[in-house]
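Asks: Just passing along the structure, written as structure tokens.
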Amino acid sequence: MTRKEENPVIELLKTFVSAGILAIGIRACVAEARFIPSESMLPTLVIDDRLIVEKVSYRFRQPERGDVVVFSPTDALKAQNYKEAFIKRVIGLPGDVVEVKNGQVYINNQKLTEKYILEQPNYQYPPTKVPEGQYLVLGDNRNNSYDSHYWGFVPRENLIGRATVRFWPPKRIGSLNPQPVYPQSQQKE
């Protein structure tokens, strides 16, 4: 007995449905594309950069200082009617005391060396302890970023993933390796 050939339209429909289910599964669980809508991460990311955000690693490890993360709006941001995800750099980890004074960021009273920022912050942020299970995030464009120094911390459960690769525009394609962020007393040579 030979198998009856299936209608080509049905076969094509099955292929599209399977591809759609696979794409939805990948986006929900593994990785997704994002674009940059603002200048808050200059010079690292510019408007209209396109990124791949991986969603797997934070299931097995905690975010690290220096990671560029995408997160859903916190309760404080939702109260201001923000609905879209944000992208910022992790600066303060749970238990850290973070302060901004005289144009410098301090973690646990140690000045950070930050080679990735556009300019030194022109604001003050009093010494504040990052609660357990939360993170302090700042934009690399310190003076033009709506970030933790305005609205508070990002709960771990709000993290969507870590930005890993820029795939657009072609002249800027490349890895977004986390920039090491160490207090000066902990810098690695």
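Asks: With the checklist (1) surrounded by fewer than 18 Cβ atoms within 10 Å (Cβ to Cβ); (2) within 21 Å of residue 177 (Cβ to Cβ) in hand, flag the one item residue 117 doesn't pass.
Replies: If we test residue 117 against (1) surrounded by fewer than 18 Cβ atoms within 10 Å (Cβ to Cβ); (2) within 21 Å of residue 177 (Cβ to Cβ), just (1) comes out false.
Asks: Let me ask something additional. Please give the number of the condition residue 104 fails out of (1) closer than 22 Å to residue 33 by Cα; (2) in contact with a strand residue (DSSP E or B) (Cβ under 7 Å, 6 or more places away or on another chain); (3) without any contact (Cβ under 8 Å) to a residue 24 or more places away in the chain.
Replies: (1)
Asks: Residue 162: within 16 Å of the chain's Cα centre (by Cα), modelled with pLDDT of 90 or more, more than 14 Å from residue 90 (Cα to Cα) and in a strand (DSSP E or B), yes or no? Show your work before the answer.
Replies: Details: within 16 Å of the chain's Cα centre (by Cα): yes; modelled with pLDDT of 90 or more: yes; more than 14 Å from residue 90 (Cα to Cα): no; in a strand (DSSP E or B): yes.
No: the conditions fail for residue 162.
Asks: While we're looking at this one, here's another question. Assess whether residue 155 counts as being surrounded by 11 or more Cβ atoms within 10 Å (Cβ to Cβ) and at pLDDT 95 or above.
Replies: Values: surrounded by 11 or more Cβ atoms within 10 Å (Cβ to Cβ): yes; at pLDDT 95 or above: yes.
Judged against the criteria, residue 155 is a match.
To keep it simple, each residue is scored yes or no on (1) not in a strand (DSSP E or B); (2) not basic (Lys, Arg).
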residue	(1), (2)
95	yes, yes
105	no, yes
111	no, no
116	yes, yes
126	no, yes
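Asks: On the given criteria, is residue 103 out of contact with any Lys or Arg (no Cβ under 6 Å at 6 or more places or on another chain), loosely packed, with under 15 Cβ neighbours inside 10 Å and at pLDDT 95 or above? Outline the logic, then answer.
Replies: Working: out of contact with any Lys or Arg (no Cβ under 6 Å at 6 or more places or on another chain): yes; loosely packed, with under 15 Cβ neighbours inside 10 Å: yes; at pLDDT 95 or above: no.
Taking the combined requirement at face value, the residue does not satisfy it.
Asks: Moving on to the next point. Give all pairs with beta carbons closer than 6 Å in which a residue from region 116-138 that is under 13 Å from residue 98 (Cβ atoms) and among the polar types (S, T, N, Q) meets a residue that is part of a loop (DSSP other than H, G, I, E, B) and at pLDDT 95 or above; count only pairs at least 6 apart in sequence or on separate chains.
Replies: As it stands, the answer is 134/153, since those pairs meet every condition given.
Asks: Would you confirm, using the coordinates I've provided, whether residue 121 is in a loop (DSSP other than H, G, I, E, B) and modelled with pLDDT of 95 or more? Walk me through how you get there before you give the answer.
Replies: Details: in a loop (DSSP other than H, G, I, E, B): yes; modelled with pLDDT of 95 or more: no.
Taking the combined requirement at face value, the residue does not satisfy it.
Asks: Can you name every one of the strands (runs of 3 or more DSSP E) wholly within region 5-93 that holds 1 or more residues which are at pLDDT 90 or above, crowded, with 20+ Cβ neighbours inside 10 Å and on the phi < 0 side of the Ramachandran plot? Quick ask: steps written out before the conclusion?
Replies: On the way: elements: 31-35, 50-54, 68-71, 86-92.
Answer list for region 5-93: 50-54, 68-71, 86-92.
The values are calculated or read from the model by the stated rules, or taken from the named source; none is laboratory data. Only a predicted model underlies this, so the values are computations on that prediction, with no experimental measurement involved. Every residue, glycine as well, gets a Cβ built from its backbone with ideal geometry; the counts of neighbours run over all protein chains shown.
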